[in-house]
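This report refers to the structure that appears directly beneath it.
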Amino acid sequence: MRMLCASTLISEFFVVAFAGLVAMKSDDLSVTTVWTVCGAAMVLSVVLCGMLGRPGGVQLGWALQIGLIVSGFVVPAMFFLGVVFAGLWWASLHYGRKIDEAKARWAAQAQAEEAQAPAS
C-alpha cells in the first residue's frame with residue numbers, strides 16, 4: 001500500500017508543479033497566490049511520502065486530497081486536480097491493501113511449505 005500511495009503523492013507533486021506553472025500565466029491570479037497554494041501542496045506531498053508508515057499518515061493523505069479540492073476556490077484548476085488525485089488516493093489505498101494481503105498470504109504459504117519440507 002505504501003508504494004502505491006507514495007507513487008500517487010510523487011506524481012501529485014509533479015502534476016501540481018506543472019499546474020502551478022500553467023496557472024501563473026493566468027491574468028486573474030498572482031504568482032504569489034499560485035505558488036502559495038501549489039507550493040504548500042507540493043511540500044505536503046513529499047512530507048507525506050515519509051509519513052505513510054506512521055499512525056495518521058493515511059488520514060493526512062486524505063486531508064491533502066481534500067485540501068487540493070478546496071484550493072480550487074483560489075486556483076480553479078485545482079478542483080479538477082483535487083478530484084482526480086482523491087480518486088487515485090482511494091485506488092492506491094484500496095488496491096494497495098489487496099496487494100499487501102496477497103503478499104502476506106504468499107509469505108505465510110511459503111513459510112508453511114518451508115516448515116513442512118523435510119530437512120536435508
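On inspection, V58 does not qualify as over 14 Å from S45 (Cα atoms), modelled with pLDDT under 90, in contact with a helix residue (DSSP H, G or I) (Cβ under 8 Å, 6 or more places away or on another chain) and surrounded by 15 or more Cβ atoms within 10 Å (Cβ to Cβ).
The set of residues from region 1-16 being in a helix (DSSP H, G or I) and either β-branched (V, I, T) or surrounded by 15 or more Cβ atoms within 10 Å (Cβ to Cβ) (or both) comprises L4, C5, A6, T8, L9, I10, E12, F13, V15, V16. Cβ separations smaller than 9 Å between residues 6+ apart or across chains give the following pairs from region 97-120 residues that are under 18 Å from R2 (Cβ atoms) to residues that are open to solvent by 70 Å² or more (accessible area, probe 1.4 Å) and at pLDDT below 85: I99/M3; D100/R2. For region 78-119, residues that are open to solvent by 60 Å² or more (accessible area, probe 1.4 Å), within 14 Å of C38 (Cα to Cα) and at pLDDT below 85 total 0.
Might you let me know whether region 22-41 holds any residue that is in contact with a Leu (Cβ under 8 Å, 6 or more places away or on another chain), open to solvent by less than 60 Å² (accessible area, probe 1.4 Å) and in contact (Cβ under 8 Å) with a residue 40 or more places away in the chain?
Step one: filter region 22-41 for residues in contact with a Leu (Cβ under 8 Å, 6 or more places away or on another chain), giving 23, 41.
Retained after the next criterion (residues that are open to solvent by less than 60 Å² (accessible area, probe 1.4 Å)): 23, 41.
Keeping just the survivors that are in contact (Cβ under 8 Å) with a residue 40 or more places away in the chain gives 23.
Scanning region 22-41 turns up at least one residue that is in contact with a Leu (Cβ under 8 Å, 6 or more places away or on another chain), open to solvent by less than 60 Å² (accessible area, probe 1.4 Å) and in contact (Cβ under 8 Å) with a residue 40 or more places away in the chain.
Results for (1) closer than 20 Å to Y95 by Cα; (2) of a type in the set (S, T, Y); (3) touching a Ser or Thr at 6+ places or on another chain (Cβ under 6 Å), shown as yes or no for each residue.
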residue: C5; (1), (2), (3): yes, no, yes
residue: V16; (1), (2), (3): no, no, no
residue: V22; (1), (2), (3): no, no, no
residue: V37; (1), (2), (3): no, no, yes
residue: V43; (1), (2), (3): no, no, no
residue: G56; (1), (2), (3): yes, no, no
residue: G61; (1), (2), (3): yes, no, no
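The values are calculated or read from the model by the stated rules, or taken from the named source; none is laboratory data. Please read these numbers as outputs of a predicted model, since none were measured by experiment. Positions of Cβ are backbone-derived with ideal geometry, glycine not excepted, and every protein chain shown enters the neighbour counts. With ligands, DNA and RNA removed, areas are computed over all heavy atoms of the protein, side chains included. Shrake-Rupley method; radii C 1.70, N 1.55, O 1.52, S 1.80 Å.
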